[in-house]
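Take a look at the structure below.
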Amino acid sequence: MTEREHLILGIESSCDETAAAVVAGGRRILSSVVASQTEIHRKYGGVVPELASREHLRQIVPVVREAVEQAHVTLRDVDAVAVTNGPGLIGALLVGVTYGKVLAQALGKPLIAVNHLEGHVHAVFLEAHAAGREPALPAVCLIVSGGHTILYDVKSASSNGVQRFTYTRIGGTRDDAAGEAYDKVARMLALGYPGGPIIDRLAPHGDAHAVRFNEPKMSGNPYDFSFSGIKTAVLYHLRRNPQLTPEIESRRQALARGERSADALRALSSPATLDLIASFQRAVVDNLVSRTFAAAEQHSVRSILVSGGVAANSELRHTFESEAARRRLEVYFPSRALSTDNAAMIAAAGHARFLSGERADLMLNAEANLPLA
Ligand code: KG4
Ligand code: ZN
């Protein structure tokens with residue numbers, strides 16, 4: 001560690017992951033611990049807010065302790081505590097915010113409030129730094145997860161000699177987030193929870209042009225998204241094709257027996273179902289990619305950043321990469337581990353705010369709808 005590298009302890013509890021991490025100098029991850037609640041929410045097919053808060057309460061102390069241990073530091077070595085204060089589930093956020101406040105107060109260290117969405121932007125920079133690259137700004141950043149689908153224009157701004165980012169919202173979903181559409185379609189088809197990773201694995205086995213989904217018709221902002229229409233279209237497709245119902249029941253039974261692997265579910269899926277899955281994914285990916293590139297062109301940016309749980313999707317990555325190469329733009333993703341919720345990204349975002357002198361106090365509150373811009 002060089003002398004000027006500050007250590008930030010990040011804490012994240014906005015949804016269904018309890019996470020803590022220690023990051024040096026805003027870019028070097030010393031530890032990143034994530035306790036996922038997927039097993040708890042799986043049988044409900046989505047995150048149950050009350051269960052999430054309860055589990056955060058159980059996990060927060062051991063997760064922070066483990067992050068500090070894995071970083072080979074002590075809490076006394078930490079320069080500041082950065083905590084997500086929104087957006088997210090209010091009860092879940094409150095666990096992290098309250099714990100962060102108490103910890104910072106007890107240690108006599110500064111407390112930094114971090115917007116979860118800014119964390120997702122920083123996840124891209126963490127990864128790029130590890131790979132020895134740095135995205136050129138201005139950039140368009142697509143944050144695409146189970147809770148968000150939103151496009152920002154990210155610029156570099158210097159305040160007190162510290163490099164900071166500024167954000168302008170370009171567009172976002174008017175209804176469901178893209179990850180939510182993955183999860184809901186997976187639920188209709190009995191593919192298990194969360195739906196994104198399994199659809200990702202099954203889609204290459206189907207014909208992506210077999211089922212046509214209409215582009216959502218929207219007036220107004222051309223950079224807005226809508227995913228509820230495609231979810232309904234899948235439902236109607238299933239109603240029009242009752243021959244697909246028995247296999248849905250077989251998969252449901254397989255899931256109940258704990259058979260959740262992509263291979264097991266694929267063996268219980270007809271070519272027609274695999275075609276539907278592939279076509280659904282193609283439509284979602286095309287929608288995300290076309291609007292992001294249109295925004296990038298209009299804002300004359302130098303790079304494209306893609307972050308959030310759905311950024312782990314293989315087809316999304318390939319499509320972004322080939323389109324970026326065609327248009328001579330650079331596209332950056334976090335590693336799959338940094339794409340989904342984690343606290344290293346919160347510590348990284350907190351570092352820039354720490355350097356520019358921002359401090360939160362004991363009045364800090366959690367805000368379910370906290371905007372980034
Ligand atoms: O960022 P994240 O961990 O939590 C939220 O803030 O929502 O994202 C979780 C979402 C879920 O909807 C999940 O289905 C989706 O990301 N997801 C994926 C993939 N892995 C996770 N979607 C598509 N392809 C994937 N490989
Ligand atoms: Zn997130």
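The values are calculated or read from the model by the stated rules, or taken from the named source; none is laboratory data. If you're wondering where the values come from, they're calculated on a predicted model, not measured in any experiment. Because the Cβ atoms are built from the backbone with ideal geometry, glycine has one as well, and the counts that use them run over all protein chains shown. SASA here: full protein model, heavy atoms, side chains in, ligands and nucleic acids out. Shrake-Rupley method; radii C 1.70, N 1.55, O 1.52, S 1.80 Å.
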By residue number, the members of region 92-112 that are within 15 Å of H56 (Cα to Cα) and open to solvent by 30 Å² or more (accessible area, probe 1.4 Å) are L94, T98, Y99
- Message: Going by what's in this entry, would R76 be described as in contact (Cβ under 8 Å) with a residue 60 or more places away in the chain and open to solvent by 30 Å² or more (accessible area, probe 1.4 Å)?
- Response: no
Restricting region 1-30 to residues that are within 15 Å of ligand 2 (Cβ to nearest atom) and in a strand (DSSP E or B), the one most open to solvent (accessible area, probe 1.4 Å) turns out to be E17
Quiz item: Out of all the residues in region 190-198, is one or more part of a helix (DSSP H, G or I) and farther than 21 Å from E12 by Cβ?
Solution: yes
Of the listed residues (P246, P204, P197), the one being touching a residue at least 40 places away in the same chain (Cβ under 8 Å), exposed (fewer than 15 other Cβ atoms within 10 Å of the Cβ) and out of contact with any helix residue (DSSP H, G or I) (no Cβ under 6 Å at 6 or more places or on another chain) is P204
Exercise. Just to be sure, is A186 within 14 Å of ligand 1 (Cβ to nearest atom) and surrounded by 15 or more Cβ atoms within 10 Å (Cβ to Cβ)?
Worked result: yes
Within region 322-338, restricting to residues that are within 16 Å of ligand 1 (Cβ to nearest atom) and in contact with a strand residue (DSSP E or B) (Cβ under 6 Å, 6 or more places away or on another chain), the one that is nearest to V83 (Cα to Cα) is P334
Of the conditions (1) surrounded by fewer than 23 Cβ atoms within 10 Å (Cβ to Cβ); (2) under 30 Å from P204 (Cα atoms); (3) out of contact with any strand residue (DSSP E or B) (no Cβ under 9 Å at 6 or more places or on another chain), the single one that T273 does not satisfy is (1)
Picked from region 267-291 (must be assigned to a helix (DSSP H, G or I) and without any contact (Cβ under 8 Å) to a residue 24 or more places away in the chain), the residue farthest from ligand 1 (Cβ to nearest atom) is A267
Within region 322-349, residues open to solvent by less than 10 Å² (accessible area, probe 1.4 Å) and closer than 24 Å to S36 by Cα come out as P334, S339, N342, A343, A344, M345, I346, A347, A348, A349
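Results for (1) charged (D, E, K, R); (2) within 16 Å of ligand 2 (Cβ to nearest atom); (3) in the same structural domain as P222 (by TED's automatic domain parsing), shown as yes or no for each residue.
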position: L142; (1), (2), (3): no, yes, no
position: T149; (1), (2), (3): no, yes, no
position: D153; (1), (2), (3): yes, no, no
position: G161; (1), (2), (3): no, no, no
position: L202; (1), (2), (3): no, no, yes
Could you go through region 292-308 and let me know if any residue there is within 14 Å of ligand 1 (Cβ to nearest atom) and over 27 Å from G88 (Cβ atoms). no
Within region 131-166, residues hydrophobic (A, V, I, L, M, F, W, C), within 14 Å of ligand 1 (Cβ to nearest atom) and either open to solvent by 60 Å² or more (accessible area, probe 1.4 Å) or farther than 22 Å from G350 by Cβ (or both) come out as L142, V144
In region 295-321, residues that are open to solvent by 10 Å² or more (accessible area, probe 1.4 Å), away from ligand 2 (no atom under 16 Å from the Cβ) and not charged (D, E, K, R) total 7
Among V83, V33, the single one that is among the hydrophobic types (A, V, I, L, M, F, W, C), buried (at least 23 other Cβ atoms within 10 Å of the Cβ) and in contact with a Gly (Cβ under 9 Å, 6 or more places away or on another chain) is V83
So for region 62-71 (the condition being of a type in the set (K, R), part of a helix (DSSP H, G or I), modelled with pLDDT of 95 or more and farther than 18 Å from K109 by Cα), does at least one residue qualify? no
Apart from one, (1) within 30 Å of A294 (Cβ to Cβ); (2) part of a helix (DSSP H, G or I) all hold for G220; the odd one out is (2)
